[in-house]
Amino acid sequence: MPAKAKIQVASRRYITRALPVGATIVCADNSGARTLKIVMVQGWKGRLSRLPAATVGDQVTVVVEKGPPELQKQTFPAVIIRQKYAVRRPNGSRITFEDNAAVIITPEGEMKGTDIKGPVASEAAERWPRVSNAANTIV
């Protein structure tokens with residue numbers, strides 16, 4: 001039998017999914033929204049009776065809870081840029097943030113706002129180049 005060749009698959013590293021459906025998070029851009037509620041996680045493959053959950057860099061669908069009346073109760077896609085739960089880096093260090101935050105994006109992947117308040121995790125900046133362009137600080 002011929003020897004099997006090893007195939008290298010580019011996979012993203014494992015990060016604990018700490019933001020389940022129903023979590024309220026801060027909107028970190030200047031689109032006008034203040035707080036967002038996660039209603040769906042894109043690409044979630046789960047298990048029976050387990051809530052879908054998101055982590056830094058994931059795309060989610062959110063509903064605006066607090067903000068201007070024209071944005072309230074509207075659904076938008078968003079990208080998680082910070083989470084309170086520790087994120088383990090490949091070098092062994094761990095990073096935590098003060099809050100759970102996301103930025104609203106368009107269906108094409110462009111940001112709805114033009115500026116991001118606070119730092120952005122490097123895991124999110126790697127996956128979303130438009131978010132990294134608008135970020136003041138990437139941690």
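The values are calculated or read from the model by the stated rules, or taken from the named source; none is laboratory data. Treat the numbers as computed from the prediction; the structure is a model and nothing was measured. Here the Cβ positions follow ideal geometry from the backbone for every residue, glycine too, while neighbour counts run over all protein chains shown.
For region 12-38, name all the residues that are of a type in the set (A, V, I, L, M, F, W, C) and surrounded by fewer than 16 Cβ atoms within 10 Å (Cβ to Cβ).
Result: no residue meets the conditions.
If I ask for residues that are of a type in the set (Gly, Ala, Ser), more than 18 Å from Arg13 (Cα to Cα) and in contact (Cβ under 8 Å) with a residue 24 or more places away in the chain, which ones from region 124-134 would you list?
Scanning region 124-134 gives a single hit, Ala134.
Suppose we keep only residues that are under 16 Å from Arg88 (Cβ atoms) and β-branched (Val, Ile, Thr) within region 51-66. Which one would you say is surrounded by the fewest Cβ atoms within 10 Å (Cβ to Cβ)?
Filtering region 51-66 for residues that are under 16 Å from Arg88 (Cβ atoms) and β-branched (Val, Ile, Thr), the one surrounded by the fewest Cβ atoms within 10 Å (Cβ to Cβ) comes out as Thr55.
Quick one: would you say Lys45 is of a type in the set (Lys, Arg), assigned to a loop (DSSP other than H, G, I, E, B) and at pLDDT below 95?
Considered against the rule, which asks whether it is of a type in the set (Lys, Arg), assigned to a loop (DSSP other than H, G, I, E, B) and at pLDDT below 95, Lys45 comes out as yes.
Exactly one condition in (1) free of Cβ contacts under 8 Å to residues at least 40 places away in the same chain; (2) more than 15 Å from the chain's Cα centre (by Cα); (3) farther than 19 Å from Tyr14 by Cβ is false for Arg89; which is it?
If we test Arg89 against (1) free of Cβ contacts under 8 Å to residues at least 40 places away in the same chain; (2) more than 15 Å from the chain's Cα centre (by Cα); (3) farther than 19 Å from Tyr14 by Cβ, just (3) comes out false.
Would you confirm, using the coordinates I've provided, whether Val131 is within 15 Å of the chain's Cα centre (by Cα), aliphatic (A, V, I, L, M), surrounded by 16 or more Cβ atoms within 10 Å (Cβ to Cβ) and in a helix (DSSP H, G or I)?
Yes: the conditions hold for Val131.
Is there a residue in region 74-83 that is of a type in the set (Lys, Arg), free of Cβ contacts under 8 Å to residues at least 60 places away in the same chain and buried (at least 19 other Cβ atoms within 10 Å of the Cβ)?
Checking region 74-83: at least one residue is of a type in the set (Lys, Arg), free of Cβ contacts under 8 Å to residues at least 60 places away in the same chain and buried (at least 19 other Cβ atoms within 10 Å of the Cβ).
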